[in-house]
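Just below is one structure, and these are the notes that go with it.
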Ligand code: PRX
């Protein structure tokens, strides 16, 4: 497209960066030509107890099996903590910035090591052994990181559940991986308001069953009910354990964590990541994409409950011996300048956030940004959803003072780390494009029949071969892993995203092509919201689609058919929104609910979502062929009563 603005690599970046354009092209070509040689070399960036002799052993057809560095042994906590203590024990590993701007702490690698070992011994004292699943439902406090690393240290598998999920959602995740130990806090604190984490855990345990131990970290010191014989306060349990805990020797393919994510059908899937390949990939992408150099202060605003928090707050940065900032609060409290104030306070050099946050802050104008210095900033990052060019330009001009490149990083929970992204010293930027593949990543664009497209084109994005950070299975359901990702296009990993490639070979992600919507960078299955709605006694049927939303990227639009005899009302609308928040969590709240006497169905009873999407987008001029509908008249009613009007 000729009207696309192109930003050249700034001269100082071309000089300081690890990789320039020619080097990128050379390394990329080498990584694709001989993955064994490339990753065999880069796998050495982490310490191995027993070095690997095999590198890549992967296949996507006729079945799926993914193994990297399979005969090597290592430990993630050793790599993220222990190995730095000798060389840089006094360096800050984690800067913790509290919800309250007056609260912050620096935790050195030496302190981190002591905390992780103690936490590991508390887990052991609660009966946790290698291979056991531990559910972590925590606010953004250092203990969340200690708990995750403690699991890695003793070979337990963590499943972190975002603190914004409801007790029901938490219960489903506890039950799915049969986790008998839960780590939580009395309360969380966000934007000055308490979040009742322990009460949610109690409700979840009652529903899930099987939880024998709840470890409670004190955050606000609120009085919370403690179940005798099951619940322990962390600080009390920590007093009676030893200070030292050796690392378990883990196989490269031993599980590291499970993280639940939404798909187009059914309940959330337990995405399973393993040890060696994941860590190599998270660490390497963190170093090159953010061009991380010793001494840089790096801040990723994600929550540890999402994959971005796993790979780019914790594992990638700590494996590199970096200083990573962990923020408990929200970007809008106590004021909309908070992010920029935190940047000035801690002299942050690299800032990584989501487009939804940028769009929300854009709404408050430039002054709250411009009154801060941000002189320390060198690089900006974006993740989680497509960034619209207007938000990109604002981020670049207002936040980055036209000085800082923006890395728009495309990846997924399933991919473990960043797959398509600029490298700041190598890649010319085009606002809205995630640009080019990272080393070892082979993107292809296919049409509906799976035919690979050449040159500039549009279609579905697949990845033709494995990379070390890739998920290995759906926990407890390998067949679902195959069916979800490898059945649509034989021999390729299907991402679920639509994509365009331009004449420079740049990739432009256009959003999901399945029934997954992306609300403020959070992934939501429409089927999940539908099943929450139909669980309400007054609802007979529901269909949920996404629609364009100025700040959230996509909003949730629900069509609801009521039980016979029930009348639509504003009160019921509010009740249904509250119901979904309770069932799933606030991130799933429908933005618009349309009461519909009927839904458009084919004669065989299949809901025609294409039509519902068009109406939700206020684009009903292009409804296409409706002649196959069982009752074409329902469409007129839906259009007449649509909720999203320009
Ligand atoms: O649709 C893509 C979108 O987010 C999806 C993955 O969501 P999740 O697993 O929750 O991981 C989010 C953080 C990695 C993708 O399928 N997505 C993520 N990053 C981008 C993006 N879409 C466009 N541009 C991005 N940079």
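At 0.36 nm per residue, minus the direct Cα-Cα distance, what do residue 59 and residue 370 gain on full extension? Give it in nm, one decimal, please. Numbers along the way, then the final one.
Values: separation 311, 0.36 × 311 = 111.96 nm, distance 5.13 nm.
Full-extension gain reported as 106.8 nm.
Would you mind putting 21-33, 323-335, 174-186 in packing order, based on average other-beta-carbon counts within 10 Å, highest first?
Working: 21-33: 15.2, 323-335: 20.1, 174-186: 22.6.
Per-residue mean Cβ counts within 10 Å order the peptides as 174-186, 323-335, 21-33.
Determine, from the Cβ-Cβ distance of residue 551 and residue 239 and an R0 of 60 Å, the FRET efficiency 1/(1 + (r/R0)^6), rounded to the nearest 0.05. Don't skip to the answer; put the middle values down first.
Numbers: r = 46 Å, r/R0 = 0.77.
Efficiency, rounded to the nearest 0.05: 0.80.
Could you please state, rounded to a whole Å, how far the C-alpha centre of the range 1-27 is from the C-alpha centre of the range 609-646?
That distance is 45 Å.
Taking the highest mean first, how do the peptides 92-102, 138-148 order by number of other beta carbon atoms within 10 angstrom per residue?
On the way: 92-102: 18.9, 138-148: 25.6.
Taking the mean over residues of other Cβ atoms within 10 Å, the ranking is 138-148, 92-102.
What whole-number distance in Å separates the alpha-carbon centres of the range 393-465 and the range 65-140?
After rounding, the separation between the Cα centres reads 31 Å.
In whole angstrom, how far apart do the alpha carbon centroids of the range 480-541 and the range 219-288 sit?
Centre-to-centre distance over Cα atoms comes out at 26 Å.
Can you give the Rg to Rh ratio for the range 221-361, taking only C-alpha atoms and Rh from Kirkwood?
1.02
At residue 619 and residue 645, where each label point lies 7 Å from the Cα along Cα→Cβ, what is the point-to-point distance in nanometres?
Simple spin-label model gives 2.1 nm for this pair.
Among 623, 170, what is the fewest-to-most ranking by other Cβ atoms within 10 Å?
Fewest-to-most ranking of 623, 170: 623, 170.
Based on the Kirkwood radius over alpha-carbon pairs, what is the Stokes-Einstein translational diffusion coefficient of the range 185-253 at 4 °C with 1.567 mPa s viscosity, in µm²/s?
Roughly 92 µm²/s, to the nearest whole number.
Can you figure out the FRET efficiency of residue 16 with residue 90, using R₀ = 22 Å and their beta-carbon distance, to the nearest 0.05?
Values: r = 25 Å, r/R0 = 1.15.
Efficiency computed from Cβ-Cβ geometry: 0.30.
Of the DSSP beta bridges with both residues in the chain, give the percent that are antiparallel, rounding to the nearest 5. Walk me through the intermediate numbers first.
Working: 60 of 100 bridges.
About 60 percent, rounded to the nearest 5.
With the crude spin-label approximation of a point 7 Å out along Cα→Cβ, what separation in nm comes out for residue 582 versus residue 267?
Going by the 7 Å Cα→Cβ label model, 2.0 nm.
Enter the mean projected area of the convex hull around the alpha-carbon atoms of the chain, in nm², rounded to one decimal. Walk me through the numbers before you get to the answer.
Numbers: hull surface 114.5 nm².
For the chain, the mean projected area of the Cα convex hull comes to 28.6 nm².
Return the FRET efficiency for the residue pair residue 49, residue 178: r is the Cβ-Cβ distance, R0 is 35 Å, and the value is rounded to the nearest 0.05.
Values: r = 29 Å, r/R0 = 0.82.
Using R0 = 35 Å, I get an efficiency of 0.75.
Starting from the Cα-Cα distance between residue 25 and residue 453, subtract it from 0.36 nm times their residue separation and give me the gain in nm to one decimal. Don't skip to the end; give the middle numbers.
Working: separation 428, 0.36 × 428 = 154.08 nm, distance 2.14 nm.
So the extension gain works out to 151.9 nm.
Using the Cα atoms of the range 212-289 to build a convex hull, what is its mean projected area in square nanometres? Could you put the intermediate results ahead of the total?
Details: hull surface 39.5 nm².
Mean projected area of the Cα convex hull: 9.9 nm².
Relative contact order, percent, of the chain when contacts are C-alpha pairs under 8 Å separated by at least 6 residues?
On the way: 1424 pairs, mean separation 84.8, N = 646.
Taking the mean separation of contacting Cα pairs over the length of the chain, I get 13 percent.
Once Rh is set to the Kirkwood radius over Cα pairs, what Stokes-Einstein translational diffusion coefficient, in µm²/s, holds for the range 55-112 at a temperature of 25 °C and a viscosity of 0.890 mPa s? Please report the intermediate quantities before stating the final value.
Values: Rh = 14.7 Å.
Reported coefficient: 167 µm²/s.
Which of the peptides 408-416, 220-228, 629-637 is most tightly packed, and how do the rest follow, judged by the mean count of other Cβ atoms within 10 Å per residue? Show your work: numbers first, answer last.
On the way: 408-416: 24.0, 220-228: 11.3, 629-637: 14.4.
Those peptides, ordered most packed to least, come out 408-416, 629-637, 220-228.
Where a number appears in this text, it was derived from the coordinates with a stated rule and is not lab data. What you see is a predicted model, and the numbers here were worked out from it, not measured in a lab. Every residue, glycine as well, gets a Cβ built from its backbone with ideal geometry; the counts of neighbours run over all protein chains shown.
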